[in-house]
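The values are calculated or read from the model by the stated rules, or taken from the named source; none is laboratory data. Just so we're clear, the structure is a prediction, and the values are computed from it rather than from any experiment. Counting neighbours? That spans all protein chains shown, and the Cβs are built from the backbone with ideal geometry, glycine included.
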Amino acid sequence: MASVELLFCLSIVNAGGTPPALSSQGASVEAQATHYVVDAAGARQVERRDRLPALMVTPNDPAPAAVQLPSGALWRRDESQFWVGKVVSLGDHGTQVFTEFDSGIDHAEFLSGFDQTPATPVWQTATNLDLAVAGCDSAEDDDLHVTLHQVVTSGDQMHRQPVVSLFRSSSPTPAWTWNFPVQIGGTSRIAMSKSGQVIVAAILNNYLGRAELAFFTPASSTPVAYSTIPFFTQLRGFDLAADGSTLYLSSSTQAYILDVATRAVTHQIGLPTSLDCHALSGDGRVFAFGTFGTVELFEKNTAGAWAHTYTRTVPGTCVCSRIEISDDASTVAYGFNFYDTNLHVRIEALDVASKAVTLSDDAYGTGMLQNIVSDVALSADGNRIAVGLWGDEGNTCPELRFYSKYGTAPLATFNLPGSVFEVDVSADGERVAVASKAVHANTFASGGTIALYAFARQDLRAQGVPVAGGRVAFQLAGPPNSPALLLWSDQPAQQPTDLGLIGTLYLRRTALNSLPMGTTSGSGQAAVEFALPGSASDIGRTFWFQGFCATPRRLTSDWITLTILP
């Protein structure tokens with residue numbers, strides 16, 4: 001074995017489940033249609049549901065076009081007509097995909113980011129409940145995942161039981177479950193901090209006209225605190241800072257900033273209109289909301305006071321539909337719908353420090369179906385932006401779009417069979433998870449997809465679900481004709497080590513192992529399989545990987561976190 005010590009002066013230690021099938025639940029399937037409504041009360045998405053004979057629903061959902069491994073679609077998961085992909089989250093450094101369905105066959109699914117098409121859930125929860133308003137979130141730095149759904153009681157859609165459940169990647173059985181002490185007919189929201197150590201669930205108690213908030217740690221199903229905010233007729237905005245310090249939420253008329261540690265309302269502001277476009281930065285010091293034709297930006301100064309610092313005006317008959325702020329508070333990205341035609345959208349990015357619009361792209365559709373910006377997500381540094389659209393009847397406006405913070409056009413677009421409802425981007429911007437419908441949102445039908453994409457080309461990639469006792473294939477792209485190693489460790493670096501031209505080491509220097517990958521090809525490619533330990537006690541164990549080439553000495557810029565699954 002080659003010695004990493006000789007190559008770049010680092011010490012080294014020499015190295016060396018199928019879920020139950022979904023049933024069709026009879027001869028009918030739950031279908032839905034969603035429309036975007038703009039009226040005197042504001043703007044919102046309105047969903048209608050019913051059951052259709054199963055034979056009536058035949059979504060045209062072909063496999064995506066073949067894409068080279070370095071970028072684009074990594075895998076997709078669909079279950080024909082039996083559910084619609086509406087929510088999705090990425091966890092464990094973008095390597096785990098989590099979702100929950102509340103239309104068709106209602107359940108949660110956990111998938112590996114290293115799978116292939118057709119992706120198969122590592123596990124899924126039971127399908128015997130009638131759910132509504134499903135939501136989910138995942139920890140960036142851990143294998144923690146949380147859901148908040150409402151269980152329909154006795155078929156009464158206006159009396160639903162909100163339930164919070166925490167999962168780990170190792171089991172479909174929740175680590176814990178907690179029920180709100182009320183039944184409601186309103187909406188609900190769930191969020192988890194980047195570390196997974198702060199969880200906040202919110203419901204709209206429409207019968208008492210208030211918001212109710214439950215705060216958790218992953219250690220216990222007993223809330224750390226439970227609080228209420230009166231005079232809530234709608235729950236529109238909800239965003240937890242990535243560091244878990246601050247919570248933003250809004251009704252139709254007021255926005256609130258809460259200190260999570262004390263649950264105290266530290267700031268309150270009146271809203272000009274009732275919309276769903278609200279965002280808080282990952283450090284809790286910048287928030288923004290959209291209106292008809294504007295984005296309003298607020299920043300916390302060094303004295304801790306909030307100030308309105310900028311208004312971005314977009315001309316035309318338009319309304320802001322989605323907005324997001326990067327974790328580092330450097331970038332605001334947002335989308336506007338032009339509701340005079342319901343075919344034209346604009347996507348922009350704003351640099352917070354300079355107040356300069358660094359990205360502006362107009363996209364147009366054709367036909368009668370509504371084209372809106374359904375979701376926006378950013379990398380932690382704000383440099384990578386993923387946008388989901390509903391798309392158009394004429395099939396001319398791609399529904400999934402990747403952008404740089406700086407530019408006038410997408411870096412990549414993907415024309416999907418149906419509408420995108422939600423996107424999520426890993427903190428490093430490398431991966432994008434997408435929840436979509438098999439047909440357009442306006443179309444009364446069922447069927448959908450959960451998919452995973454690589455935002456850009458990578459120089460280290462893993463493939464194969466990392467089950468205990470399994471093997472994962474690693475592919476490296478580096479200089480041609482160079483000896484290559486796969487470095488691995490069971491500990492990440494506490495602080496990445498900058499080695500100059502060699503690159504940055506993200507693995508713990510004192511716990512390094514290596515696996516020879518041979519010599520790269522003339523095009524710089526090398527591959528090797530890594531055998532995972534097979535003991536049941538290893539499930540949940542995490543490894544970190546990075547590539548190294550010797551001639552010239554280079555570390556891969558990409559590194560991979562891999563948690564062993566059941």
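Within the stretch 347-365, residues that are within 10 Å of ALA333 (Cβ to Cβ) reach partners that are among the basic types (Lys, Arg) and buried (at least 22 other Cβ atoms within 10 Å of the Cβ) with beta carbons closer than 9 Å, at six or more positions or on different chains, in the pairs ILE347/ARG401. Elements of the type strands (runs of 3 or more DSSP E) sitting completely within the stretch 402-512 and holding at least 2 residues that are modelled with pLDDT of 95 or more and acidic (Asp, Glu): these cover 420-425. Taken together, THR127, THR99, THR147 contain a single residue that is hydroxyl-bearing (Ser, Thr, Tyr), modelled with pLDDT under 95 and out of contact with any Gly (no Cβ under 6 Å at 6 or more places or on another chain), which is THR127. No other residue among ILE184, ILE199 is among the aliphatic types (A, V, I, L, M) and either in contact with a helix residue (DSSP H, G or I) (Cβ under 7 Å, 6 or more places away or on another chain) or buried (at least 22 other Cβ atoms within 10 Å of the Cβ) (or both) apart from ILE199. Residues in the stretch 303-327 that are buried (at least 18 other Cβ atoms within 10 Å of the Cβ) and farther than 15 Å from GLY290 by Cβ: SER326, ASP327.
Answer yes if at least one residue in the stretch 249-257 is under 22 Å from the mean Cα position of the chain (by Cα), part of a strand (DSSP E or B) and surrounded by 20 or more Cβ atoms within 10 Å (Cβ to Cβ), and no otherwise. Taking every residue of the stretch 249-257 in turn, at least one turns out to be under 22 Å from the mean Cα position of the chain (by Cα), part of a strand (DSSP E or B) and surrounded by 20 or more Cβ atoms within 10 Å (Cβ to Cβ). Looking across the stretch 258-288, the residues that are closer than 17 Å to ASN301 by Cβ and surrounded by 23 or more Cβ atoms within 10 Å (Cβ to Cβ) come down to LEU280, SER281, GLY284, VAL286, PHE287, ALA288.
Scan the stretch 357-377 and tell me whether some residue there is buried (at least 23 other Cβ atoms within 10 Å of the Cβ), among the aromatic types (Phe, Trp, Tyr) and in contact with a Ser or Thr (Cβ under 8 Å, 6 or more places away or on another chain). Scanning the stretch 357-377, I find no residue that is buried (at least 23 other Cβ atoms within 10 Å of the Cβ), among the aromatic types (Phe, Trp, Tyr) and in contact with a Ser or Thr (Cβ under 8 Å, 6 or more places away or on another chain), so the answer is no.
Looking at the structure I just gave you, is SER193 touching an Asp or Glu at 6+ places or on another chain (Cβ under 8 Å), closer than 24 Å to ALA264 by Cβ and buried (at least 16 other Cβ atoms within 10 Å of the Cβ)? When the stated conditions are applied, SER193 passes them. Looking at the stretch 445-476, which of the residues that are surrounded by fewer than 21 Cβ atoms within 10 Å (Cβ to Cβ) and among the β-branched types (Val, Ile, Thr) is farthest from ARG77 (Cα to Cα)? Here the residue is VAL467.
A single entry from LEU369, LEU389 fulfils the requirement of being among the aliphatic types (A, V, I, L, M) and either out of contact with any strand residue (DSSP E or B) (no Cβ under 7 Å at 6 or more places or on another chain) or not assigned by TED's automatic domain parsing to the domain that holds GLY429 (or both): LEU369. Take the residues in the stretch 397-444 that are farther than 16 Å from ARG346 by Cα and of a type in the set (Phe, Trp, Tyr), then tell me which one is surrounded by the most Cβ atoms within 10 Å (Cβ to Cβ). My answer is PHE421. Considering LEU208, LEU166, the condition of being in contact with a Phe, Trp or Tyr (Cβ under 6 Å, 6 or more places away or on another chain), outside the structural domain of TRP544 (by TED's automatic domain parsing) and either buried (at least 17 other Cβ atoms within 10 Å of the Cβ) or not in a strand (DSSP E or B) (or both) is satisfied by LEU166 alone. Filtering THR309, THR266, THR302 for residues that are β-branched (Val, Ile, Thr) and not in a strand (DSSP E or B) leaves a single hit, THR302. Could you tell me which residue of the stretch 76-102 is farthest from HIS145 (Cα to Cα), considering only residues that are in a strand (DSSP E or B) and in contact with a Cys (Cβ under 9 Å, 6 or more places away or on another chain)? Restricting to residues being in a strand (DSSP E or B) and in contact with a Cys (Cβ under 9 Å, 6 or more places away or on another chain), the top hit is GLU100. Is it the case that ALA175 is within 18 Å of GLY85 (Cβ to Cβ) and of a type in the set (A, V, I, L, M)? So ALA175 does not fit the description; no. Summed over the stretch 505-544, residues that are aliphatic (A, V, I, L, M) and exposed (fewer than 14 other Cβ atoms within 10 Å of the Cβ) total 2. Filtering PRO223, PRO174 for residues that are closer than 27 Å to LEU90 by Cβ and crowded, with 19+ Cβ neighbours inside 10 Å leaves a single hit, PRO174. Pairs meeting the criteria (first residue in the stretch 107-136 and farther than 20 Å from TRP176 by Cα, second residue in a loop (DSSP other than H, G, I, E, B) and of a type in the set (Phe, Trp, Tyr), beta carbons under 7 Å, at least 6 apart or on different chains) are lacking.
Taking (1) within 20 Å of SER426 (Cβ to Cβ); (2) surrounded by fewer than 15 Cβ atoms within 10 Å (Cβ to Cβ) in turn, ASP490 satisfies each apart from (1). I'd like to know if the stretch 396-409 contains one or more residues that are closer than 30 Å to ARG553 by Cβ, of a type in the set (S, T, N, Q) and under 16 Å from the mean Cα position of the chain (by Cα). No, there is no match, as no residue in the stretch 396-409 is closer than 30 Å to ARG553 by Cβ, of a type in the set (S, T, N, Q) and under 16 Å from the mean Cα position of the chain (by Cα).
Scanning the stretch 522-566 for residues that are of a type in the set (S, T, N, Q) and either under 18 Å from PRO492 (Cα atoms) or not assigned by TED's automatic domain parsing to the domain that holds LEU486 (or both) yields a count of 6.
For first residues located in the stretch 415-434 and closer than 18 Å to ALA139 by Cβ, partners that are of a type in the set (Lys, Arg) and crowded, with 24+ Cβ neighbours inside 10 Å and lie 6+ apart or on another chain with Cβ distances below 6 Å form the pairs GLY429/ARG384.
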